[in-house]
Amino acid sequence: MRVVSLAPSATAVVTALGASDRLVGTTTHCDAPDTPAVGGWLTPDYDRVVDLDPDVVLTSDALQAEIRDALRSRGFDVHHTAPATLDDVLASFADIGAAVGRPDAGDALAANCRRRLAGVRDDTPADGPTVYCEEWADPPMAAGNWVPDAVDAAGGHYPFVAAGARSHEVDAAAVRAAAPDHVVVHICGAGRQTDADPATRWDLDAAVHVVDDSLLNQPSPRLIDGIELLADQLHAT
């Protein structure tokens, strides 16, 4: 099966399924150095996709909805995922597995990630510290989507955005009022490279953790790695 993945998260899932040999094209933002690139996440070269003759194209998130529609109008089979919550992310692993012809591997990956999450929940206290997660610094934006679920799974309290809601801008007064014990910085697209320090910016008495953005921003098995790391950070003794 020939698969073109236009989303880094989908590429990570395909790799975790043991199906990276089916990838014939990815984007420059994907972690697939041996696969031909067809452009950026939001700027794929449609003609290059045509040349690769894929059986299925993988896209993700509302930001790629126009790309999905454009490729479908060209006759491609496009599998689009747009998870909003942690449960949605886990379900997408099985969906992507089925889309690339590896349904059993998709089910197994989702089940394994659920087991890992159950282990984290079993090992963390129910009433944990308050956490502020920042995914963008200018303007400051509190992380939404599955991040509130991730904090909850790691044993933290996240009062800034409801699970499943989009990330949104926050101000100093709101963050100070919540009195976070921990600040997690995961600026979208920056990896671990960032000058953002919300604790200093707003004079917060909080521990600051800078993590690779893929650990919290990417709806792939990397998110489970991020939750495990977050649990260690929030409950370190």
Take the stretch 17-28 and flag every residue that is surrounded by fewer than 16 Cβ atoms within 10 Å (Cβ to Cβ) and in a loop (DSSP other than H, G, I, E, B).
-> 18, 28
What are the residues in the stretch 149-160 that are touching a strand residue (DSSP E or B) at 6+ places or on another chain (Cβ under 6 Å) and either surrounded by fewer than 21 Cβ atoms within 10 Å (Cβ to Cβ) or touching a residue at least 40 places away in the same chain (Cβ under 8 Å) (or both), if any?
-> 151, 156, 157
Collect the residues in the stretch 131-148 that are open to solvent by 20 Å² or more (accessible area, probe 1.4 Å) and more than 12 Å from the chain's Cα centre (by Cα), keeping them in residue-number order.
-> 136, 137, 138, 139, 140, 141
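Report yes if residue 89 is touching a Leu at 6+ places or on another chain (Cβ under 7 Å), open to solvent by less than 70 Å² (accessible area, probe 1.4 Å) and farther than 28 Å from residue 161 by Cβ, otherwise no. First the steps, then the outcome.
Details: touching a Leu at 6+ places or on another chain (Cβ under 7 Å): yes; open to solvent by less than 70 Å² (accessible area, probe 1.4 Å): yes; farther than 28 Å from residue 161 by Cβ: no.
It is false that residue 89 is touching a Leu at 6+ places or on another chain (Cβ under 7 Å), open to solvent by less than 70 Å² (accessible area, probe 1.4 Å) and farther than 28 Å from residue 161 by Cβ.
Would you point out which residue out of 207, 199, 190 is closer than 20 Å to residue 125 by Cα, buried (at least 16 other Cβ atoms within 10 Å of the Cβ) and either modelled with pLDDT of 95 or more or among the aliphatic types (A, V, I, L, M) (or both)?
Result: 207 is the single residue among 207, 199, 190 that is closer than 20 Å to residue 125 by Cα, buried (at least 16 other Cβ atoms within 10 Å of the Cβ) and either modelled with pLDDT of 95 or more or among the aliphatic types (A, V, I, L, M) (or both).
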Considering every residue within the stretch 41-60, establish whether at least one is in a strand (DSSP E or B), within 20 Å of the chain's Cα centre (by Cα) and either more than 24 Å from residue 213 (Cα to Cα) or among the β-branched types (Val, Ile, Thr) (or both).
-> yes
Flag if residue 192 is of a type outside the set (Phe, Trp, Tyr), free of Cβ contacts under 8 Å to residues at least 24 places away in the same chain and out of contact with any Pro (no Cβ under 9 Å at 6 or more places or on another chain) = yes
Of all residues in the stretch 175-187 being open to solvent by 50 Å² or more (accessible area, probe 1.4 Å) and among the aliphatic types (A, V, I, L, M), which is nearest to residue 150 (Cα to Cα)?
-> 179
Pair list, Cβ < 8 Å and 6+ apart or interchain, from the stretch 32-59 residues that are over 22 Å from residue 21 (Cβ atoms) to residues that are among the basic types (Lys, Arg) and in a loop (DSSP other than H, G, I, E, B) | 46/74
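The values are calculated or read from the model by the stated rules, or taken from the named source; none is laboratory data. Just so you know, these numbers come straight off a predicted model, no measurement behind them. No Cβ is skipped: glycine too gets one built from the backbone with ideal geometry, and neighbour counts run over all protein chains shown. Ligands, DNA and RNA are stripped out before the accessible areas are found, and what is left, the full protein with its side chains, is counted by its heavy atoms. Shrake-Rupley method; radii C 1.70, N 1.55, O 1.52, S 1.80 Å.
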